[in-house]
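So the structure is just underneath, and the comments pick up after that.
Here, each number is a calculation from the coordinates, and none is a lab measurement. Bear in mind that the values here come from a model prediction, so they are computed numbers and not experimental data. Cβ atoms come from the backbone with ideal geometry, glycine included; neighbour counts cover every protein chain shown.
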Ligand SMILES: Cc1ncc(COP(=O)(O)O)c(C=O)c1O
């Protein structure tokens, strides 16, 4: 028997997610079409959006579907940077945790190499926890030259949970937006966007028992962001591209506090005859 243990890398697909995917995939219809098939596909997308928003303490209108965590991180970092710099060319500093995932680190580096960003890595202690004094120092000029802060919710290598709410308070006191990469947190830890006070949050379904290739950027209302993709104007113009109803339907996180694999084992046990627990 093989024991699959690398849940930080990706999780097994939950049976509920597979069922939801299969039934939505059997329906024809583009969620943006106005005929009845389109409206049915749209209903699937919107119900899934509501469920996802409720699971992370956000409003449905704040959920922007993406192809996963990498796209959500790129959309947040580049989009926030361009919007802030375009509004005031002095805002070029990008403050990111030193232990971020490469979807954030390489994105910040790209902004430095191609878009004139001045990237500052916030140091972490021996446990990988970001130094909030360093963040305070970077914001000491009132945040005038700062485009954004990005600090992950939970680390993908060592699991360290970052003081995201405290960082959000510091950032906002300086008038600076903050993004958090919560790809390793959603579905495993209680995540509440409103309570944490972040402006943007990335998540990815395959880290909590959903399929690979779907995720979301939760973007608080009124947060200025320049889109990466241009096209059909879906997702309020933030992320153009035909909506993927089957993927959205399979992207609901398991109830808070239950782990995807624990749910799977419970269900498996329940299905075996002669077992009572
Ligand atoms: C913290 C973190 N951010 C982003 C990603 C990228 O997510 P995705 O695989 O959905 O593109 C990962 C995946 O390993 C991750 O662990």
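Per residue, the chain reaches -11000 deg cm²/dmol at 222 nm when only DSSP H runs of four or more residues are counted, each adding -39500 (n - 2.57). When each of the peptides 29-35, 92-98 is scored by how many other beta carbons lie within 10 Å of its residues on average, the order from highest to lowest is 92-98, 29-35. Helix 69-87 and the longest principal axis of the Cα set of the chain meet at an angle near 30°. How far, in degrees from 0 to 90, does helix 15-25 lean away from the longest principal axis of the Cα atoms of the chain, to the nearest 10? Between helix and principal axis, roughly 90 degrees.
Computed from label points 7 Å out along Cα-Cβ, the spacing between residue 157 and residue 137 is 2.2 nm.
Subtracting the Cα-Cα distance of residue 67 and residue 189 from their residue separation scaled by 0.36 nm leaves 41.7 nm. The residues 81, 4, when put in order of fewest to most other Cβ atoms within 10 Å, stand as 4, 81.
On the basis of the beta-carbon distance and an R0 of 51 Å, residue 90 and residue 1 show a calculated FRET efficiency of 0.30. Put a dot 7 Å past the Cα of residue 39, heading toward its Cβ, do the same for residue 229, and the two dots end up 2.6 nm apart. Taking a quarter of the surface of the Cα convex hull of segment 117-164 gives a mean projected area of 3.7 nm². For the chain, the relative contact order works out to 27 percent when only alpha carbon pairs closer than 8 Å and six or more residues apart are counted. Available extension along the chain between residue 166 and residue 109 is 18.0 nm, counting 0.36 nm per residue and deducting the alpha carbon span.
Taking 19 Å as the cut-off, the amide N atoms of segment 48-73 that come nearer than this to a point 7 Å along the Cα-to-beta-carbon line of residue 25 belong to 48, 66-68.
Computed from Cα positions, the angle between helix 164-173 and the longest principal axis of the chain comes to roughly 40 degrees. Using the Cα coordinates of the chain, the gyration tensor eigenvalues translate into equivalent-ellipsoid semi-axes of 33, 24, 14 Å, sorted from longest to shortest.
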